[in-house]
1. Please give the FRET efficiency for residue 136 paired with residue 157, using the beta carbon to beta carbon distance and R0 = 41 Å, rounded to the nearest 0.05.
2. Give me the angle, in degrees from 0 to 90, between the Cα long axis of helix 42-58 and the longest principal axis of the Cα atoms of the chain, rounded to the nearest 10.
3. For Cα pairs less than 8 Å apart in space and 6+ apart in sequence, what is the mean separation divided by the residue count of the range 134-267, i.e. the relative contact order in percent?
4. Identify, among 80, 46, 3, the residue whose Cα sits farthest towards the positive end of the charge dipole of the range 3-139, taking +1 on the Cβ of Lys and Arg and -1 on the Cβ of Asp and Glu, with the dipole about the Cα centre.
5. Return one whole number: the accessible area per residue of the range 152-265 in Å², for a 1.4 Å probe.
6. Calculate, in nm to one decimal, what residue 121 and residue 73 gain on full extension: separation in residues at 0.36 nm each, minus their alpha carbon distance.
7. If Lys and Arg each add +1 and Asp and Glu each add -1, what is the summed charge of the other residues whose beta carbon sits under 13 Å from the beta carbon of residue 250?
8. With a 1.4 Å probe and every protein chain left in place, work out the accessible area per residue of the range 3-139 in Å², rounded to a whole number.
Amino acid sequence: MHPMLNIAVRAARSAGNVIARAFEQLDKVEVESKGTNDLVTNIDKQAEQVIIDTIRKAYPNHSIVGEEHGILEGEDTDYQWVIDPLDGTTNFVKGIPHFAVSIALKVKGKLDQAVIFDPIRGELFTASRGKGAQLNGFRIRVSNAKELSGTVLATGFPFKKKQHTDAYLNMFKAMFTKTADMRRAGSAALDLAYVAAGRVDGFFEIGLKPWDTAAGELLVVEAGGLVSDFAGGNNHAKSGNIVAGSTKVLREILKDIRPFLGDSLNK
Ligand code: 2AM
Ligand code: CA
Ligand code: CA
Ligand code: CA
């Protein structure tokens, strides 16, 4: 295993332990609101600190971007870690056992290493640039679906970007009527990991942040799939509008959502 992936795995497992332990005693968790429909807990912050400490100890000069701490500049700007300590906080707070730790390393702006860890199921998804994607050490691949018929797609609702509700519902309808079924499980990181593992055939969501998708993107690509923005370009990290799947499923999704994009989602 690449030494930097090894550090990422160690950090993800330590954060996962903090989260899983706290999930046993949810009544002791302190919940705050960061804004409308946007919760954060002391556990999100603790888990992020554990990850930062692990990375900083191994690589004191690297830069780290985390959802709760923001940007921690390091001397070496070639190496940037992008971390979401707890993806699926709403599930966590509600006692729904579906959330994950997500850690990615970018080298000179390119995704290089990725870990997504589900501490409840003990599922560790890993990827290294050019080396494929694994689940608990076993190689994973995206689904081989050739058309939308028979597929299950994961999605997320635009809970924050309510201005996109109508466009989203039109996209949802277009997908819902062509696929076998849809899932809204509440963790974008796990949605992407499940695309990589072929558990779902594709995924789309509006308005995500870089830490929601960085590790998942490398997993999908290393599992033989594709990730793009809503127009098929590569602006998804900036726009937060992301589609993922096998080459064929991605192409079908893009074709069917195109009529509903308007100007603001067309990137
Ligand atoms: P978070 O838990 O790290 O904030 C899925 O829609 C994504 O949006 C999740 O990865 C989640 O990341 C984020 N999110 C933030 N607020 C949410 C909410 N109220 N409901 C669902 N997802 C939310
Ligand atoms: Ca959050
Ligand atoms: Ca997140
Ligand atoms: Ca989070």
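1. For R0 = 41 Å, the calculated efficiency reads 0.85.
2. Between the helix axis and the principal axis of the chain, the angle is about 70 degrees.
3. Relative contact order, the range 134-267: 29 percent.
4. The residue sitting farthest along the positive end of the dipole is 3.
5. Per residue, the range 152-265 has 40 Å² of solvent-accessible surface.
6. 13.9 nm
7. For residues surrounding residue 250, the net value is -1.
8. 47 Å²
The values are calculated or read from the model by the stated rules, or taken from the named source; none is laboratory data. What you see is a predicted model; the values in this text were computed from it and never measured. Neighbour counts are summed over all protein chains in view; Cβ atoms, including those assigned to glycine, are modelled from backbone coordinates with ideal geometry. To get the accessible areas, we keep the full protein, side chains included, count just its heavy atoms, and leave off ligands, DNA and RNA. Shrake-Rupley method; radii C 1.70, N 1.55, O 1.52, S 1.80 Å.
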